[in-house]
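**Q** There's a structure below that I have some questions on.
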Amino acid sequence: MNVGVSLLAVIALILIPWIGVSALGLDSFFGIVIPYLAFFVFFIGLIYRIVQWARVPQPFKIPSVCGQEKSLPWIKYSRLESPANTWEVVLRMFFEVVFFRSLFRNLRADLQGRRLIYGSAKWLWFGAILFHWGFFIVLIRHLRLFLYHVPSILNYIDYVDSFFQIGFPPIYITDLMILGGLLFLLLRRLVDAKVSYISHASDYFPLFLILGIVISGILMRHVYKVDVYGVKELAIGLATLHPAMPKDAHIGTIFFVHLFLVCTLAAYFPFSKLVHMVGVFFSPTRNLPNDNRMRRYVNPWDYPVKYHTFCEWQEHFKEQLQQAGFELDEEWCKGQNVAKENKAA
Amino acid sequence: MALPKPDELLQDVNLHKAPEKHWMDIKPEFKRGTYCYAVEPQVMEDLGLPHMGQWQPHDEKWPLPPDWKERTLNALRDRLNRFRSFKLFMDICVRCGACADKCHFFLGSGDPKNMPVLRGELVRSVIKGEFSPLGKLFGRLAGARELTEDIIKEWFYYFYQCTECRRCSVFCPYGIDTAEITIVMREVLHELGIAIDWAMKPVRFCHIVGNHIGIQPHTLKEIIEYLVMDIEEITGVKIEVPINKKGAEVLFVPPSGDYFADPGIYNFMGYLILFHHIGLDYTISTYASESGNFGFFNKLELAKKLHAKIYEEARRLKVKWILGGECGHMWRVWHQYHNTWYGPVDFLEVPKSPITGTVFENAKDNKIVHICEFTADLIAHNKLKLDPSRNDHVVVTFHDSCNPSRAMGILEEPRFILKNVCNNFVEMPENTIREKTFCCGSGSGLNADEYMEMRMRGGFPRANAVEYVRKKYGVNHLACICAIDRAVFPALMDYWVPGVDVCGVHELVGNAIVLDGEKERTMDLRYRPLKGKEGKEGEGV
């Protein structure tokens, strides 16, 4: 049900520009209006989400400590897993965001009779790395469409990415990475009983959507050749805020499908689980140092709480205290009363 | 219903199979042994908290207040505006499932709602369904649902099947911490008057009397006198224990479990022997006689209420710094919350060991030191006269208690101590210790008798690791630095791994310390013969 609905939704999203462009001739609507609209929603939406998170205070310093604390000088502490200062937190976040360090720890538990067996389970990490890194480099590669003069770094990335020189134009390694990663993540969601059970339609939808983007992109390069110069003209026009549909260019419907799916992803991004990309930077269990006893953390909404004071307690247990031979501390309570009166005055 | 036998308990647990029905269509079944009893109304009244009168979780209809829905949604909204952690964790989960088989309750029950991701989803779905227009529009497709009375029951069931151990947060790629969600959700339920008796009675006791057990000042003094007599009988040395002493250098606050029940009391004897051995100028307080904090298992406000006493007492007694005993969630509260609540702690001094001169820079702001840090420092400076052979009858493994590991990171100190006071120390498998340690299955106020089946299920992964080292190395002692561990492990071990005793680290320290003027030791602190001294105990040589 969840899978079917998501797949249908993506198919519908493919048909919209297909019909819009090839049957109705709405080139500029799908080439100009929709991209601007989508990226407007993307930026405003993302800023909105960031502001929402930033506005809510984090009341306590609650790092998840995954290694030895900094305590006695002769005990080596774990700088990455129990960061004791901001610099170490930055390092921890770097490894988390760039290499998915926590995911790398993943284990698999199996119950065999009465024995629990734990095994290494790095596949999820590997699939996630393929997908995210593939996506990131593909995105960077696309920059060449927005720049008149392509900087050499982009050419270099292109060179490395098509290093194996299989086919013509050569197949990009990152295309295979992102495709492999996506298929793995999708398959895992379908096959693993636990993950399948927790999946909503909103978990399958982005997978199908991005799969649609990747496949349409690959088709454009290798099967239905599009007019790349026309595409670049359009892209630069959009980027420089002088949008115009390139004249006499036959861009090809497949391009509009690709673009429309990208626009859908951009507009959907801030309102879905995909915001984890930005959210991870706000995660208080990762972005705070484990230096609680060294440096005080202030909770902006902290308020005083009434507790059972010593004097109330002493009054309550006067007899027992005297019986047990403890001296009563009248002096302290007198002092407390004076302090209270002073405060009231 | 009686507790099933160990071999039967896990028969229907399958970690790789999901139910046919969608989880939103499955209601919790309140089977005896899997939930704790509701709080007695008087307890809540004594603390000025709302309650639902006399009721029990297994009742078909719960006496929810008439405005329960509004109250619940307001409570959720309020937390979303005050806890970035909660808001973020509700927003960014991608349901990758990395946490799924990391929870001890899931591993022991196979119940999919005990996968941390689904535990979070129980709330996430309501937040989407009630507060988000998109969620309302797409409903179940987006994982959204409307709040119903059955969901309140479900929340109660599953947020009291989480021990706030934080193991899932170690594995989550975004650091989503289910403990944080559970803390918030127990607060939300509290606003309706829903709480469990076992977690609330200790709060009342601690608030009024000074400790969870409700031990009054004169009784505490008597208990200590008894323990001192035992120490004298075993070691031949009579030691003094300062109580409520003004002007002492250090205020020592132990968890009440350590002076109340077996095997905590042996650990307490260990503390006393240590302090006597080094001649520490310290005091114990009858007013601040609890370092643990059951308030934390109910509501952050209650947690703050209970520990305020420790600082007032430190001020009144004019001590220089505070030393804390071995306890689990206690150290999460002391380490991660204390100076936010009570700071700046400018009336105390930066802790400095009077014996070694070590300045505890890591505790320079809130001025509280863990006893394992303190003792490890003493041993490193060769200040203790130790005879580890007195623990030769012990083959010990160390259980990292969840919160000292994952909310503090005290991993090496207890190991260093154990290696110095025992000759036979072995580790459990690496995926079950340190930051990957498993909960005892009864933490966060869930150590009630009526909850026994769930405790045995939740404690299974830990017990299974102990069973492994028992078979492999003949382990007969499980050492830990948590009072709840010490209270609940004996039952867990009896059930899964009979023949393993439970002890604190300082009990073994107490066995090993060679006191000035002691007689020949033939017994350990439990009156058990030392290795090679069998048949000699009580003879007085």
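The values are calculated or read from the model by the stated rules, or taken from the named source; none is laboratory data. Only a predicted model underlies this, so the values are computations on that prediction, with no experimental measurement involved. Neighbour counts are summed over all protein chains in view; Cβ atoms, including those assigned to glycine, are modelled from backbone coordinates with ideal geometry.
**Q** Starting from the range B:102-121, keep only residues that are under 20 Å from B:G175 (Cβ atoms), then list their pairs with residues that are among the hydroxyl-bearing types (S, T, Y) whose Cβ atoms are within a distance under 6 Å, requiring at least 6 positions of separation or different chains.
**A** Going by the 6 Å Cβ cut-off, the qualifying pairs are B:P116/B:T178; B:R119/B:Y158; B:R119/B:T178.
**Q** Any residue that is among the β-branched types (V, I, T), at the interface with another protein chain (Cβ under 9 Å from one of its Cβ atoms) and in contact (Cβ under 8 Å) with a residue 60 or more places away in the chain - is there at least one of those in the range A:279-298?
**A** yes
**Q** Note down all Cβ pairs under 8 Å where the first residue falls in the range A:117-133 and is within 17 Å of B:K436 (Cβ to Cβ), the second is of a type in the set (F, W, Y) and assigned to a helix (DSSP H, G or I), and they're at least six residues apart or on different chains.
**A** That search, which allows pairs on different chains as well, returns A:K122/A:F104; A:W125/A:F104.
**Q** What helices (runs of 4 or more DSSP H) completely inside the range A:69-184 contain at least 1 residues that are modelled with pLDDT of 95 or more and under 30 Å from B:I371 (Cβ atoms)?
**A** A:86-99
**Q** So how many residues does the range B:243-293 have that are among the β-branched types (V, I, T) and over 16 Å from B:V209 (Cβ atoms)?
**A** Number of matching residues: 5.
**Q** Which ones in the range B:97-116 are more than 7 Å from chain A (Cβ to nearest Cβ) and either part of a loop (DSSP other than H, G, I, E, B) or among the polar types (S, T, N, Q) (or both)?
**A** B:C99, B:C103, B:S109, B:G110, B:D111, B:N114
**Q** Would you check which residues across the range A:202-230 are in a helix (DSSP H, G or I), more than 14 Å from chain B (Cβ to nearest Cβ), hydrophobic (A, V, I, L, M, F, W, C) and within 17 Å of A:L261 (Cβ to Cβ) and list them?
**A** Within the range A:202-230, A:L209, A:L211, A:I213, A:V214, A:I215, A:I218, A:L219, A:M220 qualify.
**Q** Sticking with this one: Residue under question is B:V94, and the condition is that it be outside any loop (DSSP other than H, G, I, E, B) and of a type in the set (V, I, T); does it hold?
**A** It is false that B:V94 is outside any loop (DSSP other than H, G, I, E, B) and of a type in the set (V, I, T).
**Q** Scan A:E69, A:E88, A:E96 and give me the residue that is closer than 29 Å to A:L186 by Cβ and among the acidic types (D, E).
**A** A:E96
**Q** If I ask for residues that are free of Cβ contacts under 8 Å to residues at least 40 places away in the same chain and within 25 Å of the chain's Cα centre (by Cα), which ones from the range A:138-153 would you list?
**A** Passing the criteria: A:L139, A:I140, A:R141, A:H142, A:L143.
**Q** Given the criterion touching a strand residue (DSSP E or B) at 6+ places or on another chain (Cβ under 9 Å), free of Cβ contacts under 8 Å to residues at least 40 places away in the same chain and either in the same structural domain as B:L348 (by TED's automatic domain parsing) or surrounded by fewer than 24 Cβ atoms within 10 Å (Cβ to Cβ) (or both), identify the matching residue among B:F252, B:F205, B:F268, B:F275.
**A** It is B:F275.
**Q** Has the range A:92-101 got any residue that is more than 8 Å from chain B (Cβ to nearest Cβ), β-branched (V, I, T) and within 30 Å of A:I157 (Cα to Cα)?
**A** Scanning the range A:92-101, I find at least one residue that is more than 8 Å from chain B (Cβ to nearest Cβ), β-branched (V, I, T) and within 30 Å of A:I157 (Cα to Cα), so the answer is yes.
**Q** Right, something else. Touching a Pro at 6+ places or on another chain (Cβ under 7 Å) and crowded, with 24+ Cβ neighbours inside 10 Å - does that describe any residue in the range B:174-187?
**A** Yes, the conditions are met somewhere in the range B:174-187.
**Q** So is A:W301 at pLDDT 95 or above and either touching an Asp or Glu at 6+ places or on another chain (Cβ under 6 Å) or surrounded by fewer than 21 Cβ atoms within 10 Å (Cβ to Cβ) (or both) or not?
**A** Yes, satisfied.
**Q** Got at least one residue in the range B:64-75 being surrounded by fewer than 18 Cβ atoms within 10 Å (Cβ to Cβ), at pLDDT 95 or above, under 29 Å from the mean Cα position of the chain (by Cα) and within 21 Å of B:E154 (Cα to Cα)?
**A** No, there is no match, as no residue in the range B:64-75 is surrounded by fewer than 18 Cβ atoms within 10 Å (Cβ to Cβ), at pLDDT 95 or above, under 29 Å from the mean Cα position of the chain (by Cα) and within 21 Å of B:E154 (Cα to Cα).
**Q** Considering only the range A:312-345, how many residues are over 17 Å from B:Q216 (Cβ atoms) and not acidic (D, E)?
**A** Within the range A:312-345, residues that are over 17 Å from B:Q216 (Cβ atoms) and not acidic (D, E) number 13.
**Q** For the structure I just gave you, tell me whether B:R390 is more than 19 Å from the chain's Cα centre (by Cα) and assigned by TED's automatic domain parsing to the domain that holds B:W496.
**A** Yes: the conditions hold for B:R390.
**Q** Additional query: Within the range B:121-128, can one find any residue that is crowded, with 22+ Cβ neighbours inside 10 Å, away from chain A (no Cβ under 11 Å) and over 19 Å from A:P284 (Cβ atoms)?
**A** Within the range B:121-128, one or more residues are crowded, with 22+ Cβ neighbours inside 10 Å, away from chain A (no Cβ under 11 Å) and over 19 Å from A:P284 (Cβ atoms).
**Q** For the range B:421-434, check the following and say yes or no: at least one residue is on the phi > 0 side of the Ramachandran plot, under 20 Å from the mean Cα position of the chain (by Cα), surrounded by fewer than 24 Cβ atoms within 10 Å (Cβ to Cβ) and in the same structural domain as B:N339 (by TED's automatic domain parsing).
**A** yes
**Q** Just give me the residues in the range A:269-327 being in contact with a Phe, Trp or Tyr (Cβ under 6 Å, 6 or more places away or on another chain) and among the β-branched types (V, I, T), in sequence order.
**A** The one that is in contact with a Phe, Trp or Tyr (Cβ under 6 Å, 6 or more places away or on another chain) and among the β-branched types (V, I, T): A:V280.
**Q** Name the pairs: first residue in the range B:1-30 and farther than 19 Å from B:M454 by Cα, second residue charged (D, E, K, R) and part of a loop (DSSP other than H, G, I, E, B), Cβ to Cβ under 6 Å, at least 6 apart or on different chains?
**A** Short answer, once both residue conditions are applied: B:M24/B:R145.
**Q** Any idea how many residues of the range B:1-29 are touching a Phe, Trp or Tyr at 6+ places or on another chain (Cβ under 9 Å), at pLDDT 95 or above and more than 11 Å from chain A (Cβ to nearest Cβ)?
**A** 0
**Q** Could you identify the single residue in B:G214, B:G210, B:G247 that is surrounded by fewer than 19 Cβ atoms within 10 Å (Cβ to Cβ), within 25 Å of the chain's Cα centre (by Cα) and either closer than 21 Å to B:S401 by Cβ or within 14 Å of chain A (Cβ to nearest Cβ) (or both)?
**A** Result: B:G214 is the single residue among B:G214, B:G210, B:G247 that is surrounded by fewer than 19 Cβ atoms within 10 Å (Cβ to Cβ), within 25 Å of the chain's Cα centre (by Cα) and either closer than 21 Å to B:S401 by Cβ or within 14 Å of chain A (Cβ to nearest Cβ) (or both).
**Q** A further question on this structure: Out of the range A:38-68, which residues are in a helix (DSSP H, G or I) and either touching a Cys at 6+ places or on another chain (Cβ under 6 Å) or at the interface with chain B (Cβ under 7 Å from one of its Cβ atoms) (or both)?
**A** Within the range A:38-68, A:A38, A:W53 meet the criteria.
**Q** Would you mind telling me which numbered condition in (1) over 54 Å from the mean Cα position of the chain (by Cα); (2) facing chain B (nearest Cβ under 8 Å) A:W313 fails?
**A** (1)
**Q** Please determine whether any residue of the range B:57-68 is within 7 Å of chain A (Cβ to nearest Cβ), of a type in the set (A, V, I, L, M, F, W, C) and outside any helix (DSSP H, G or I).
**A** Within the range B:57-68 (the criterion being within 7 Å of chain A (Cβ to nearest Cβ), of a type in the set (A, V, I, L, M, F, W, C) and outside any helix (DSSP H, G or I)), the answer is no, since none of the residues qualifies.
**Q** Just the residues that are among the hydrophobic types (A, V, I, L, M, F, W, C) and under 23 Å from the mean Cα position of the chain (by Cα), please, taken from the range B:307-352.
**A** Those that are among the hydrophobic types (A, V, I, L, M, F, W, C) and under 23 Å from the mean Cα position of the chain (by Cα): B:A308, B:I310, B:I322, B:L323, B:C327, B:M330, B:W331, B:V333, B:W334, B:W341.
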